[in-house]
1. Might you let me know whether the range 296-316 holds any residue that is more than 16 Å from ligand 2 (Cβ to nearest atom), in contact with a strand residue (DSSP E or B) (Cβ under 8 Å, 6 or more places away or on another chain), closer than 25 Å to ALA160 by Cα and not in a loop (DSSP other than H, G, I, E, B)?
2. Quickly run through the range 183-242 and pick out the residues that are more than 16 Å from ALA160 (Cβ to Cβ), touching a helix residue (DSSP H, G or I) at 6+ places or on another chain (Cβ under 7 Å) and basic (Lys, Arg).
3. Which strands (runs of 3 or more DSSP E) sit wholly inside the range 145-252 and have at least 3 residues that are within 14 Å of ligand 2 (Cβ to nearest atom) and closer than 24 Å to VAL324 by Cβ?
4. Which of the residues belonging to the range 271-309 are free of Cβ contacts under 8 Å to residues at least 24 places away in the same chain, surrounded by fewer than 16 Cβ atoms within 10 Å (Cβ to Cβ) and among the basic types (Lys, Arg)?
5. Does PHE102 satisfy being closer than 23 Å to ASN50 by Cα, among the aromatic types (Phe, Trp, Tyr) and either part of a loop (DSSP other than H, G, I, E, B) or away from ligand 1 (no atom under 16 Å from the Cβ) (or both)?
6. If you check GLN140 against the conditions, is it modelled with pLDDT of 90 or more, surrounded by fewer than 18 Cβ atoms within 10 Å (Cβ to Cβ) and either within 21 Å of the chain's Cα centre (by Cα) or away from ligand 1 (no atom under 16 Å from the Cβ) (or both)?
7. Write out, first by first residue and then by second, each pair whose Cβ atoms fall under 8 Å of each other, whose residues are 6+ apart or on separate chains, and whose first residue, in the range 156-181, is of a type in the set (D, E, K, R) while the second is assigned to a helix (DSSP H, G or I) and surrounded by fewer than 24 Cβ atoms within 10 Å (Cβ to Cβ).
Amino acid sequence: MIDITDIKIKAGDGGNGAVTFRRARFVPKGGPDGGDGGKGGDIYFIASHNMSTLSDFRTRRKYFAEPGNPGAKKNMFGKDGVDLFIKVPVGTLVYEKGQEGFVLVSDMTTADTKFLVAKGGKGGKGNARFKSSTNQAPTQYTPGQLGEKKDIRLEIKLIADVGLVGAPNVGKSTLINRVTGAKAKVANYPFTTLEPNLGVCNYMDSFSFIIADIPGLIEGASEGKGLGDDFLRHVERTRLLVHLIDPLSLGTEDLVTNSITSYETIRKELKEYGASLEDKPEIVLVNKVDVTEIYENLEAIKKAFETKFGFSPSGVSAVTGQGVKELVDLIAAKLKAIPQGKPFESEKPVKIFTIGDLPNRRIVFGHTSVLEKE
Ligand SMILES: Nc1nc2c(ncn2[C@@H]2O[C@H](COP(=O)(O)OP(=O)(O)OP(=O)(O)O)[C@@H](O)[C@H]2O)c(=O)[nH]1
Ligand SMILES: [Mg+2]
């Protein structure tokens, strides 16, 4: 459940300039021909959608870019060090340690954008550069500059695409577990979920989306009832809400009225929260249709919603998987039609608890020339 991690980075040092003299036949001491050193490799962060956690940074905390090669005789330049690209998840905040502590230097909100975090040192000058009319055989050179060395803090702030909302115990965590790699705790009592869970649904090779499962809402949540509504900030930036209803959550009598009441209660809390959550596109679902009473009432519930709100919810079962494939198709289609919002802005970085098993755990491009030192 890591979402903050500290690492050390060091860009490559520049190569030293060379001190050499030309050797030609019959010339006892030729002119100076020491070349310049190469530049040290830079270090970049690059935002990637293929990662969702910072867990890889726990096992590797130090990153070095390659140094530049020294200059050589015959005015040969040293080779530049290879740049190092370190992948971080989209949504990572990068802080750099200064005298006053860590300062935010980048907010990696867009996939494939690069951020230059540490510059490699310039190469030194070879002695050929110091030749002058008064100094025909200079032995001066300059050493390569040191690469920048930094203490970096990475903080993740994943931007979920889909927010799961609903009353307690309606099956939100069961659903996120079914459609993503999340392992949210599920139990048959209200307020099982105490912290938001995130899951990545790999819909197709090139398209995946992040779902946030949050604690259940009850009437008066905006006034602090139940677990309150503070965690709704985790769905503020989502593009789509999936609203789950359990027709039995308010009792066993009149499942139709219960469903309507339950839906309206949650809608009211979304509105009271005050970040226009009620204006987000929403998919409404009746969950647990594997339960006979719910299945038997499904048509009546749909009709009642149609009459009252002008749409009818789909029935699903997060436990048996009934209707779930269609649901995921629908989520994907809707997300493709809703543009990404503007980048996340928040005074306090939002702390989100993330899932463990993700498809791509590789973070550093496979530059064989990358040196890892102690
Ligand atoms: N029969 C049936 N039971 C379900 C279904 N989905 C969830 N449940 C059960 O409902 C109970 C609550 O499920 P959770 O996934 O923990 O519900 P939740 O909405 O995350 O609950 P909170 O975190 O407490 O708000 C568990 O006992 C689940 O097994 C379903 O489709 N059918
Ligand atoms: Mg839950």
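1. yes
2. Within the range 183-242, LYS183, LYS185 qualify.
3. Fully inside the range 145-252 and qualifying: 162-166, 197-204, 207-213.
4. Correct list: LYS271, LYS303.
5. no
6. Yes, satisfied.
7. ASP161/LEU335; ARG178/VAL324
The values are calculated or read from the model by the stated rules, or taken from the named source; none is laboratory data. These figures come from a predicted structure and were not determined experimentally. No Cβ is skipped: glycine too gets one built from the backbone with ideal geometry, and neighbour counts run over all protein chains shown.
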